[in-house]
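Accompanying notes for the structure given below.
Values in this text are rule-based calculations from the coordinates and carry no lab data. Predicted model only: the values in this text are computed from it and were never measured. Cβ placement follows ideal geometry from the backbone for every residue including glycine, while neighbour counts extend to all protein chains displayed.
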Amino acid sequence: MPQFSYSAASAASNPPKAQPSVALQVTPVYSSSSDPLSESTAQIISAYRNRYASYLAASFNISLEAAQLETDFQLAPRRASQFSEADAYRS
C-alpha cells in the first residue's frame, strides 16, 4: 500500500473549498402519461421485458418470439381478488 506523508503546513495553506449546495426536487410517484418520468419508466419496463425474454430464450433454447409470449404471460398484471393469497390457504 502506498504511503502518503502528511504535512501540516500544506494542509493549513490549502483550506477546504466550500461545497456546492444540493437542491433536491420532489416529484410525485404517480404522474401523468405525458410526464418524462413515465416515458423513462416505460423504457425501463420495455428493456426489462426484452432482457427477460432473451434470458428465457437462451436458457430454455426456445425462439425469441416464444420467449416474448412467455414473458408477457409471466409479467401480466394479476387479476384483482377480494381474498389475499394468505386467506386462500387458511380455509
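What is the calculated FRET efficiency for ASN50 to GLU85, with r their C-beta to C-beta distance and R₀ = 35 Å, to the nearest 0.05?
Numbers: r = 29 Å, r/R0 = 0.83.
Step by step, r from the Cβ atoms, then E = 0.75.
Highest mean first, the peptides 55-66, 79-90 sorted by other C-beta atoms within 10 Å per residue fall in the order 55-66, 79-90.
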